[in-house]
Structures are given as C-alpha cells and as structure tokens.
Amino acid sequence: MMTTTLNETSTLVYERPHSLAACNTNYCPGCTHGVAHRLLAEAIDELGLRERTILVAPVGCSVFAYKYFNMDGCEAAHGRAPAMATGVKRVQPDKMVITYQGDGDLASIGMAEIVHAAARGENITTIFVNNAIYGMTGGQMAPTSLPGQKTTSSPFGRDTILTGYPVRMSELLSTLDGATYIVRRSLHDIANIRKAKKAILTALKVQMNGMGFSMVELLSSCPTNWGLEPVEALHWIENNMIPAFPLGDYKVIEEVRSL
Amino acid sequence: MAKEMLKGNIAIAEAAVRAGVEAYFGYPITPQTELLEHMSRRMVELQRVFLQAESEVAAINMVYGAACTGVRVMTSSSSPGFSLMQEGLSYIAGSDLPCVVVDVMRGGPGLGNILPSQGDYFQITRSAGHGDYHPIVLAPSSVQEAIDLTTLAFDLADQYRHIVIVAADGLIGQMMEPAELPPMQSVRTNRPDWALTGADGRQPNSIASFYLKAEEEEAFNQKIQNRLHEIRDAEQRFIEYYTDDCELLVVGYGSAGRIALSAVETARDNGMKVGLFRPLTLWPFPEKRLSELTDMVGACLVVEMSAGQMIEDVRLATGGQIPVGFYGRMGGVIPMPDEILQAITTHCRQLKHCEGAFTPLERVNS
C-alpha cells in the first residue's frame, strides 16, 4: 500500500476514498470494476453516508465487494441481491442499502428479483455493471452478450436464432412506476466516467429522499474474457456496446430533476 | 389468557407476533395462506414489516436480508414453496443467522395436492438446502402445540443463531380447536453486535457464506458441527405415553402421532401392552430416549403420513436390536385410528407368537 507524506507546500489531490477498504482486489488488469467501485465510494463519502450504508454484493466477479468497501456489507445468493436488500431496507428504512450486481446476476438469474424490487418502488439503489459476459466463470454468454459475440459458451458467436437477443435492463425497468431514476452510463473514457459519478450521486440522493427505486447501469470492460488489451476493451465498449446499449436517462421523475 | 377457538395457521401467526417477530416475508400457497393473511393485517397494525414477496425464492432471501440486521424474522410456506426456499436456507445456514420457517406440509411430489402430508421429512431434517448442516425442526400435533413450539422456535433460533423450522402439516394448519395464546412479548430494541446496522463508530460488519480456501470452509463447517453437537445434546424433545410396561412402541409425530394415540388408547382398552413415543424435535431426533426404550420393548411400529421417512431415524436409534414395522398413508390420505389399531394388533400378535423370532412387517398396508 502506498503512503504519502505531505510537506507544507504540497496539496493532496488524490487518495483512496474512506468508503473503500485498504485491500487488494481480485479484479483483472484493465477491468473497470475498480473504477465503478471508486465512483461509488467517492459518492458515498461526498454524501457522508458510509456509517449508515449496507452494501449487498452479488455472485460474480464482484462477489467480494462486501470486503472491498469499508462499510457494513453482505453477500447475496446469485441474483437475489434485490430481495436481500429488500429485507435489510424494510427493517431499517433509515439506512442506505445498495446492491452492486453484474449482468448475469441481475439480467439472467436475478431477473425476477430486480423487476419486482423496481416494481415495488423499493427504496434501494442498484449499481448494475454490464460487461456483456460472465466474468467469474470464465467468459460465457450473458443475457447482455451482443449478437455474434464469441464467448466460451457461444464459440461460433451468439446466434440470435438459438439464443435470442441482448436484454436492455434500463429500458425494461424504466417502464415500471416504482422506478424513479434509471440511467445508463459508460466507463470507457474520462468524460463518461465523470457522468457516471454524477449519476451515482443522483441515485443515492433519490434513496436518501425516499423517492423509490434507482439504478445506474454502467457499461464496463472485461479485457480478459473479451480477449482484448485493456485499451482495446475500452474501444470495444464505445464501438460495440454503446450502439447496442445506448447511453442516456431512461427514467427520471420530475421530483428527481429538482434534486 | 383464556382458551379460544383457533385455526392452526392463524394460531402460528399470532404466536409469532407475540414472540416479537419484527418482519414477515411470504408468498401465498395452500394450505398455509391464512398464516400470511393474518400477518398482512397484524404486522401492519403493529407497525412491523410485512411484505408479500414475488416468489418463495425472493421471500427467503428477504428473510436472509432481514436476519442480517439481527431482528426476529420469519416466513411460512407449504411443500412446493418450501422446496423453492432451499437455496436461501443454505445461505442463511452458511452465514450463521437465526430465522424461523414454517412448513405446512402437503401431498407431493410435484404440485401434488393441498391435503395433509408428512412427505417433507427428509427435505427438512437432512439439511433443507445444500451443504453440511441441519436446521432445528419442531413438529406440533395440535393447535396448542403449534403455538408453544412457534414461541420456542424464536428462542432457539436466537440462542443458537440457527434456522428453526416448524414442521406442521395441512391438518394442523387448517383445523380449529381450543387453544391458549401466550401474552405479547415486547419487540427487542437492542441488536446483536454482528448485525448490519451501519458501521457507525465501529469496524464494518460483513455477513457472507463464502470461504474460498478449503481449510477456512472446513473450519467454518467444524463450527457448525460443534453447534449441532451442542444442540443434539441439549434439545432432544419428545412426549411418551404408556411406556412403563409396553411391549410394542408406536412412534409417530405431528398429526400421525396424535391419531396413533387414539389407536394406542383403544389397544390399551383391549388389553394390548402398547405405548407411544412422539418426537417433538425431528432434528435433533430424540434418539437418546428412544435408544433407552429399545431395551424395554419388543418392537417398534412407526406411523407416518408418508412412505416411511422418519422410520430411518427410528432404525438408527434402535440400532437393529428390535424389529421396526411401519404403517403409513401417502399423498394426502390421513390414516384413521382403526387402520393403525389393526397394524398394532397385527404386530402385537406376532410379538406374542414369535417370542423374539419376530419378522419385521414392513408396510403392512401394501
């Protein structure tokens, strides 16, 4: 771990957010989970929420998220984070409850739980990391894999005749009245990372104000399982994922606009 | 409190309310739905948490989340729904969390029917989910016992940080009979130190059922096993009738045990030396007392509303020293006292004729 001693003329411009734990992660080089973690931790710090936040981690690459954040956390069954978060939140409505989920977890095995949490207007916030592949199990086809995308379980490319089409979760959830803030952002460059941070701040404010279900979908890279160099992977987000998953605000109710 | 006419499902729900349950999550399924309906009114009146989940899968995972916060929490279901809860139960066990689950068993397998059954015995007592553990399982045979065991369930869950299952059947859930509810306990305001309440002025708490290294997972499993050993030592519960001088010991739990008692009493009136052993805990199975009784009786007759599941525990407890016979009905058919009496009579006759050279009569109804 790096430590910095500042002298009188130095200014600290960058440090680990207090809400991130001082530990190594299991993420591969070039993976944008680290960026997503940092943005969420910064937002929690800036809003002063760490001491009253409970993070619900998923099954997938971010299975250890409950250890990577310096706050109370738990580890849900695959796809069930929104149900577990519902249990935590209903008993302690004054706490902040956040689920952090990947695309296999949220859009495949956990489709029912996320849809009904949103439909109920469950006052929780979901950070949805969409990298169009199953990372932890070694690169299988996900519900968000693109048509033609080669994975270890679609070695000839995703065949839409056999396996259908990618699920667009932000669009889908935005049709539900209980969802009040649903946006999609990307982590492929600095400008978009800044927009993602702003969206996370807004989503947390939605929960702080008891306004209902909020979700920020983050298009994210998986260089290891995409078989690309980290920089190429960022270009792949821009060139391949964004056309299939357009960035934007899919649901922002009037009250949220004035936050 | 005076006795009142109470339906089993409602009595269980109200007993849980009075035991201080703070959160209930459930999904409608016959024959337990009245329990959920009672909660939908009472929990809201008392400003506690009630939520109808989108599925039993979601309900048990909501229980998992609420249990993380250190409150008394429960769900209820019936056999097909209980099957769907296996995943969440295993995670709850793997996270050392307390909760209470009620299974009002019905006929199966598959969709089966909505009639009373005891066909979930294996599923409930062996683990209720993947991995090496057992929940504590309590089996009521009347509405009053359902109330008393539900109250006990919350205490045991907290005492051992463990899952406690109240294994009722459709008969217990649906029938009405006079019973007395306990007084209202106040809801606890303090939270255990492991609860997820926000890391305010303390180090963060984390709750997970995840150990990547085999040695760590084994150490956690050993911790579970040590606790199970303690529970096995301390919590074996049962009721016995006419065991002072019995030659044939009938063993039955829940509704089957209660019906068997009628048959045993008639057999006694007819001069047969018959007793009844009725487990109240299905896990831990009351093996110590049954093992002692093995030395005193000539044979056992197990009566179940299943194809014979608890009989395996009876065989283990009796250690092959005496014959173990069986009488059961399946698929929602309730055995009548006359049928059980006939099985008792047949077994008693064999005992007297054979003088120790007894051949077990398996499934005399087949």
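The values are calculated or read from the model by the stated rules, or taken from the named source; none is laboratory data. Since the structure is predicted, the reported quantities are computational estimates derived from the model, not experimental observations. Methodologically, a virtual Cβ is constructed for each residue, glycine included, from the backbone with ideal geometry; neighbour enumeration extends over all protein chains shown.
Miscellaneous remarks
- Within the stretch B:54-72, the set of residues being within 7 Å of another protein chain (Cβ to nearest Cβ) and assigned to a loop (DSSP other than H, G, I, E, B) comprises B:54, B:55, B:69, B:71.
- Selection of first residues in the stretch B:186-208 that are facing chain A (nearest Cβ under 9 Å) and of second residues that are aliphatic (A, V, I, L, M) and outside any loop (DSSP other than H, G, I, E, B), restricted to Cβ pairs under 7 Å at least 6 apart or on distinct chains, gives the following pairs, ordered by first then second residue: B:196/A:54; B:196/A:88; B:196/B:207; B:198/A:54.
- Yes/no for residue B:333 being among the β-branched types (Val, Ile, Thr), in a loop (DSSP other than H, G, I, E, B) and either in contact (Cβ under 8 Å) with a residue 40 or more places away in the chain or in the same structural domain as residue B:113 (by TED's automatic domain parsing) (or both): yes
- Only listed residue being small (Gly, Ala, Ser) and at pLDDT below 95, chosen from B:275, B:271, B:254: B:271
- Members of the stretch A:173-188 that are within 12 Å of residue A:116 (Cα to Cα) and not in a loop (DSSP other than H, G, I, E, B): A:173, A:179
- Scanning the stretch A:77-84 finds one or more residues that are part of a loop (DSSP other than H, G, I, E, B) and at the interface with chain B (Cβ under 8 Å from one of its Cβ atoms).
Each row is one residue, and each column tells you yes or no for (1) surrounded by fewer than 23 Cβ atoms within 10 Å (Cβ to Cβ); (2) at pLDDT 95 or above; (3) out of contact with any helix residue (DSSP H, G or I) (no Cβ under 8 Å at 6 or more places or on another chain); (4) farther than 23 Å from residue B:151 by Cβ.
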site	(1), (2), (3), (4)
B:47	yes, yes, yes, no
B:54	yes, yes, no, yes
B:65	no, yes, no, yes
B:74	no, yes, no, no
B:105	no, yes, no, no
B:126	yes, no, yes, yes
B:139	no, yes, no, no
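- Filter result for residue A:73 (assigned to a strand (DSSP E or B) and facing chain B (nearest Cβ under 8 Å)): yes
Every residue, every condition in (1) on the phi < 0 side of the Ramachandran plot; (2) among the aliphatic types (A, V, I, L, M); (3) modelled with pLDDT under 95, yes or no:
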{"position": "B:188", "(1), (2), (3)": "yes, no, yes"}
{"position": "B:198", "(1), (2), (3)": "no, no, no"}
{"position": "B:201", "(1), (2), (3)": "no, no, no"}
{"position": "B:209", "(1), (2), (3)": "yes, no, no"}
{"position": "B:221", "(1), (2), (3)": "yes, no, no"}
{"position": "B:231", "(1), (2), (3)": "yes, yes, no"}
{"position": "B:235", "(1), (2), (3)": "yes, no, no"}
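- One residue stands out among those in the stretch A:25-64 that are buried (at least 23 other Cβ atoms within 10 Å of the Cβ) and closer than 20 Å to residue B:88 by Cβ: the one that is nearest to the other protein chains (Cβ to nearest Cβ), which is A:54.
The rows are residues; the columns are (1) more than 30 Å from residue B:346 (Cβ to Cβ); (2) part of a loop (DSSP other than H, G, I, E, B).
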residue	(1), (2)
B:212	yes, yes
B:216	yes, no
B:221	yes, no
B:227	yes, no
B:232	yes, no
B:244	no, yes
B:250	no, no
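- Residue identified as away from every other protein chain (no Cβ under 14 Å) and among the aromatic types (Phe, Trp, Tyr) among B:50, B:122: B:122
- The stretch A:121-135, residues that are over 16 Å from the mean Cα position of the chain (by Cα) and either of a type in the set (Ser, Thr, Tyr) or surrounded by fewer than 21 Cβ atoms within 10 Å (Cβ to Cβ) (or both): A:121
- Residues of the stretch B:269-295 that are assigned to a loop (DSSP other than H, G, I, E, B) and touching a strand residue (DSSP E or B) at 6+ places or on another chain (Cβ under 8 Å): B:272, B:273, B:280, B:284, B:285, B:286.
- Residue within the stretch B:259-266 that is more than 19 Å from residue B:338 (Cα to Cα) and either outside any helix (DSSP H, G or I) or more than 14 Å from chain A (Cβ to nearest Cβ) (or both) present: no
- Restricting the stretch B:27-41 to residues that are part of a helix (DSSP H, G or I) and within 20 Å of the chain's Cα centre (by Cα), the residue that is surrounded by the most Cβ atoms within 10 Å (Cβ to Cβ): B:35
- Criterion (in a loop (DSSP other than H, G, I, E, B), touching a Ser or Thr at 6+ places or on another chain (Cβ under 7 Å), surrounded by fewer than 19 Cβ atoms within 10 Å (Cβ to Cβ) and away from chain B (no Cβ under 14 Å)) met by exactly one of A:148, A:157, A:138: A:138
- Check on residue A:129, at pLDDT 95 or above and farther than 25 Å from residue B:212 by Cα: no
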